[in-house]
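The values are calculated or read from the model by the stated rules, or taken from the named source; none is laboratory data. Everything numeric in this text was worked out from a predicted model, so none of it was measured. Heads up, the Cβs are rebuilt from the backbone with ideal geometry, glycines too, and the neighbour counts pull from every protein chain shown.
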Amino acid sequence: MPNYPSMFRLRQHFDTACVEDVSGEVEAQLARLGLGRTISPGQSVAVAVGSRGIAELPGLVTATVEHLRRLDARPFLVPAMGSHGGGTAQGQQRVLESYGLTESAVGCPIRASMDTVILGNASQGFPIHFDRLAAEADHVLLCNRVKPHTLFAGAFQSGLMKMLLVGLGKAEGAHTIHQAVECHSFDEIVRGVGEQTLRDARVVVGLAVVENAYDRPALIEAVPAAQILSREPELLRLAQEKMARLPFQHVDLLVIDRIGKDVSGSGMDTNIVGRKVHDHEAAEDEFPKVKRIAIRRLTPASHGNALGIGIAEFCRSEILRSMDVAATRLNVLTSGHVTAAMLPLDYPTDRAMLNAALGTIGLVAPTDARVLHIADTLHLTELECSAAYLPELPKRPDLEILTPPCPMNFDTQGGLVDVVF
């Protein structure tokens, strides 16, 4: 039986500033815009909601709907999630319902369709698809988190404009945009078609959320449609400053308890694990530099979508049994990130998986390996670290040791104990 490194529990200290009253802040943000001057009584408003696990999403959406109803408008929810939910209207509605967004909970209808209309053509020659039901509404309101994307680089990544062009493009539009990104940057596409698309789609406002490192809303801002192109890059910079990170820059083995679409669009956040450019190694100027990644399971909210499994080198065999192959393949074919569905080496137990992984990290004894064990890439406040990192801690006032180094904790079936956050 191989030896393993001793592990200690660590707490990271990040900026804790957050919005305490989410519903109140949504109301205040929307009220300051005087939307009643634009939205007339009786007009319909499509509220676009995506498939990401945004913190406080039910409160955000419900407060938005309530504000629109006070204007005597007729709001309805539209899934804005590209090909997610298995690429079907019913599947996308189920994704919203899994987040607590039911018609009875939010107080308005949910209308889901995969049909699109063409708003026009980009200068690069491809059509801009747009959700047919949203196109038939008098106005569109975008509700999305702004954060670094797991593939896109530049001033526009994951946020309001991505929801407009990709999420509301449904499966066909999302596929078209991701195909275009193979030849042109998303930033270039947004700058080329953004202003026209915002106008032709009759977007009235974007409700932007920036989260802190604790997965809480740090900022909620209602951005008028005319200001989205100038304001979103500023919100992205704020999101980059506030996001959580791994505590160390060099890692021999990163063990992740779970990946999933509710954690990140790529199952695991490539900005966190240092694999935004290449699946299996960091780019020269990219950090952290993680040699090997081992994942243990999928989140239930992923509904079997295992996109991101291909970024890891090792996994538990149970992931393959819980994987919805069709949904996963549809997602990666749509996004163009086809390698994200390729299968790592799988093992029946954590012990067997770690034995294999630790044998591939180079001229480092397993007991001396730099190992991090995290719950997922969204929850990084507390994690387990190997004893090899102890010499770095005296220079890190942002890190707090919670337990002394102890042997790795396996159960009788060879399974690790989860990192509980």
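Yes or no, residue by residue, for (1) more than 24 Å from the chain's Cα centre (by Cα); (2) free of Cβ contacts under 8 Å to residues at least 60 places away in the same chain; (3) outside the structural domain of residue 221 (by TED's automatic domain parsing):
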position	(1), (2), (3)
22	no, no, yes
25	no, no, yes
28	yes, yes, yes
45	yes, no, no
51	no, no, no
56	no, no, no
61	no, no, no
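Here the condition is being surrounded by fewer than 24 Cβ atoms within 10 Å (Cβ to Cβ), among the basic types (Lys, Arg) and within 22 Å of the chain's Cα centre (by Cα); of 191, 216, 132, it holds for 216 alone. Contact map, the stretch 332-353: first residue within 30 Å of residue 173 (Cα to Cα), second residue surrounded by fewer than 15 Cβ atoms within 10 Å (Cβ to Cβ), Cβ cut-off under 6 Å, separation 6 or more or different chains; pairs are 332/338; 336/182.
Test residue 115 against the stated conditions and say whether it is in contact with a Lys or Arg (Cβ under 6 Å, 6 or more places away or on another chain) and assigned by TED's automatic domain parsing to the domain that holds residue 197.
Here the answer is yes, as residue 115 does meet what is asked.
Is it the case that some residue within the stretch 79-93 is among the hydrophobic types (A, V, I, L, M, F, W, C) and crowded, with 24+ Cβ neighbours inside 10 Å? So far as the stretch 79-93 goes, yes, one or more of its residues are among the hydrophobic types (A, V, I, L, M, F, W, C) and crowded, with 24+ Cβ neighbours inside 10 Å. Taking the conditions exactly as written (under 21 Å from residue 136 (Cβ atoms), modelled with pLDDT of 95 or more and within 19 Å of the chain's Cα centre (by Cα)), does residue 80 satisfy them or not? Taking the combined requirement at face value, the residue satisfies it.
The set of residues from the stretch 242-287 being farther than 24 Å from residue 335 by Cβ and not in a loop (DSSP other than H, G, I, E, B) comprises 242, 250, 251, 252, 253, 255.
Within the stretch 374-395, residues that are assigned by TED's automatic domain parsing to the domain that holds residue 308 and of a type in the set (A, V, I, L, M, F, W, C) sit with their Cβ atoms under 8 Å from residues that are assigned to a helix (DSSP H, G or I) and surrounded by fewer than 24 Cβ atoms within 10 Å (Cβ to Cβ), at 6+ positions apart or across chains, in these pairs: 388/368.
Exactly one residue among 316, 321 is farther than 16 Å from residue 91 by Cβ, of a type in the set (D, E, K, R) and in contact with a Lys or Arg (Cβ under 6 Å, 6 or more places away or on another chain), and that residue is 316.
Criterion applied to 292, 258 was being in contact with a strand residue (DSSP E or B) (Cβ under 8 Å, 6 or more places away or on another chain), over 21 Å from residue 215 (Cα atoms) and modelled with pLDDT of 95 or more, and the one residue passing it is 292. Here residue 17 does not qualify as over 17 Å from residue 211 (Cβ atoms), loosely packed, with under 15 Cβ neighbours inside 10 Å and of a type in the set (Gly, Ala, Ser).
Does the stretch 59-71 contain at least one residue that is closer than 22 Å to residue 158 by Cα and surrounded by fewer than 21 Cβ atoms within 10 Å (Cβ to Cβ)? Within the stretch 59-71, one or more residues are closer than 22 Å to residue 158 by Cα and surrounded by fewer than 21 Cβ atoms within 10 Å (Cβ to Cβ). Residues of the stretch 263-287 being surrounded by fewer than 24 Cβ atoms within 10 Å (Cβ to Cβ) and in contact with a helix residue (DSSP H, G or I) (Cβ under 7 Å, 6 or more places away or on another chain), which ones? The answer is 276, 279. Taken as a whole, the stretch 407-421 holds no residue that is assigned by TED's automatic domain parsing to the domain that holds residue 313, touching a strand residue (DSSP E or B) at 6+ places or on another chain (Cβ under 6 Å) and part of a loop (DSSP other than H, G, I, E, B).
Scanning the stretch 151-161 for residues that are crowded, with 24+ Cβ neighbours inside 10 Å and hydrophobic (A, V, I, L, M, F, W, C) returns 156, 160, 161. Residues that are buried (at least 24 other Cβ atoms within 10 Å of the Cβ), within 23 Å of residue 242 (Cβ to Cβ) and not hydrophobic (A, V, I, L, M, F, W, C) within the stretch 162-188 comprise 162, 167, listed in sequence order. For the stretch 200-217, a residue qualifies if it is closer than 18 Å to residue 156 by Cα and not small (Gly, Ala, Ser), and the qualifying residues are 203, 205, 207, 209, 210, 211.
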